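Since the structure comes first, as structure tokens, the remarks are kept for the end.
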């Protein structure tokens, strides 16, 4: 019997409401002795640490740096070592592209090739309107190939999603992306024999794109990566009997939420919009995933002060969240993104849980080192969901 | 997907260097309120605790007292519940005995039997030269048995290794050792039906030894234990893409290191020799396992003051280690050996990690109780390797 079996057996629907606020990449490392969280002025987040119980959580395993996919899966109660989701499928779903059983999807970049070499992997970051025009042109002019349907969907700037529909397409394909400029475009190769058909389909498409776009000034070739098919994964309704809502702005997170059966709310990039959406949808759901991206973006850019500012920017909204009186409120991150490293890291996430049944510890500050001394100790992030459900009284007793 | 699969997928070779200093059995229990580590004057080890982050690790599972084999396997990133290594194979490899696929090995004692009873399990601890003479005599005079080749290899004092070479020898055999004096020599028995042949081969050998040595004054019989075959275990090169070196003095630890693919350096019993060897081999490797035995020996002997002295004796060498500027330095033990118990115990190991990406906690003393309040919290020792690799930036990101 594993956690997932327990969840199916013990979960029950109740009137209680859970809010999981993910401050993406909020965990960091000290600069001059203090981390981003230790530097920021954030009285409301610290007040949560005082009121609730704290701990630190490892997204996957100690020492493992996760991508956003596995890190979020764990927070939602799914074993990130069991479910492996391609970035292509997350991007596609998050962009509103419908994906079915016979579909293979990938993330694409329009790029500039000259003299047989990729000279700009992002085609000068063409405007999104250009991208829309080019995708429409491709969908109208790509040659029809027997038994295969291909469509491209524009994203922001140079990004798009490609969807291949045919029988027997496998997703074990290498990225068709040279990764560096000054190299020729790279065909995909099958990583297992069963992916040979998919590889041929994709490479023919790449040739077709180059032909159709040969007169474009910038976007005259395509790079593809993260090939993936629709994964078999149970929804949060099935596993936890929740009515979950996702409030997120970026395609990746919206895609993952949709995959797990969440109702995905459309919000813009302003921090206040997250809380507007939360208030607006409060009545109809009992689990709210709220995704705050700015902490991660600043960390990825290696900007310590900007990350501090991003923490300070969300802090004043916490009282609005508390005014809704959630039965369980958790604030944590999916993974750490220390500005010092300029990327995701393996460091554990600070974690605070506020609930009438939380108990008490002595933590008074929401930070890495303070949370590590909390009642919750150090735990794997996959335990966050059972903890939230338990404090919401949504899990029945195991055994007699 | 488990840690071992992740390791194979994510490990990358870099220029960074890791030092793992194992102070064998250093964890202890208080006498008059202070443990061995809390009693010792060890400013350099405490300085590491201030600089780095601390925690405590369970070798196998909470409450489980490990032998040196499983305890070390865990520290090296191998699941000690998956890989079970006989003491015989470790002793054999550590003593320089070559072991192949058809070989069954065991640790032996020469003993004194009189009137059908074992009266001295160590044959009066005969001098090593005597042991060498007796082994040569046995190898020359043991009767040749069809399809079986047997050789004995002298160790220190009364200890030897026996190696049986034949088709179809299994190692599921009970120890051929009555454990107590005043009892008759004990034949081995097969623990599974497939070990019947091996059992017969071993028992015939024990009879042959008693015949050949019947006129010896002391060493006139043999006891055997820890029957084992060469295990199937991946090397640290395969799993972690490391170029590992082992700096250890005792056969057991050298044997284990060799089994895992480490280059084993020959060092004597003086503490300074560990650091001489470390400096000498610094350029050619990127992972250094340094084994300090004296803390464990004193603990095993139940000598609290001697264990304190052993801690104080290595402390002045820490600056030499730091002068090499390792990217990651971990000081911990494989298991605890409290002088109060006079043997291995189940208590977790104090653990300190020093690295530019360590982060910060408030621990200022290297001891059991201080480390338990550190940022690393309480974790299983099998997480030590992913942590070290992560801080050395030797692990790529998992998933997108």
Would you tally the residues in region B:378-400 being farther than 26 Å from residue B:348 by Cα, more than 7 Å from chain A (Cβ to nearest Cβ) and touching a strand residue (DSSP E or B) at 6+ places or on another chain (Cβ under 7 Å)?
1
For residue A:235: the one exception among (1) surrounded by fewer than 19 Cβ atoms within 10 Å (Cβ to Cβ); (2) touching a strand residue (DSSP E or B) at 6+ places or on another chain (Cβ under 9 Å); (3) more than 30 Å from residue A:194 (Cα to Cα):
(3)
Residue A:5: passes all of (1) away from chain B (no Cβ under 14 Å); (2) more than 19 Å from residue A:329 (Cβ to Cβ); (3) in contact (Cβ under 8 Å) with a residue 40 or more places away in the chain; (4) surrounded by fewer than 24 Cβ atoms within 10 Å (Cβ to Cβ) but (3)
By residue number, the members of region B:102-150 that are more than 30 Å from the chain's Cα centre (by Cα), in a loop (DSSP other than H, G, I, E, B) and in contact (Cβ under 8 Å) with a residue 60 or more places away in the chain are B:116, B:142, B:143
Identify all residues within region B:358-371 that are modelled with pLDDT of 95 or more and either surrounded by 23 or more Cβ atoms within 10 Å (Cβ to Cβ) or within 19 Å of residue B:39 (Cα to Cα) (or both); write none if there are none.
B:363, B:364, B:365, B:366, B:367, B:368, B:369, B:370, B:371
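Mind telling me which of the residues A:70, A:30 ends up being under 15 Å from the mean Cα position of the chain (by Cα) and within 13 Å of chain B (Cβ to nearest Cβ)? So that I can check it myself, show each step before the final result.
Details: A:30 fails: under 15 Å from the mean Cα position of the chain (by Cα).
Testing whether each residue is under 15 Å from the mean Cα position of the chain (by Cα) and within 13 Å of chain B (Cβ to nearest Cβ) leaves just A:70.
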Quick check on region B:368-377: of everything there that is within 7 Å of chain A (Cβ to nearest Cβ) and out of contact with any helix residue (DSSP H, G or I) (no Cβ under 8 Å at 6 or more places or on another chain), which residue is nearest to residue B:81 (Cα to Cα)?
B:377
Restricting attention to region A:68-109, which residues are surrounded by fewer than 22 Cβ atoms within 10 Å (Cβ to Cβ) and under 30 Å from residue B:377 (Cα atoms)?
A:79, A:81, A:82, A:83, A:84
Which residue is surrounded by the most Cβ atoms within 10 Å (Cβ to Cβ), if the candidates are limited to region A:52-66 and must be assigned to a loop (DSSP other than H, G, I, E, B) and more than 7 Å from chain B (Cβ to nearest Cβ)?
A:59
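The values are calculated or read from the model by the stated rules, or taken from the named source; none is laboratory data. This structure is a prediction, so every number in the text was calculated from the model and none was measured. A quick note on method: Cβ atoms are made from the backbone with ideal geometry, for glycine too, and the neighbour counts reach across all protein chains shown.
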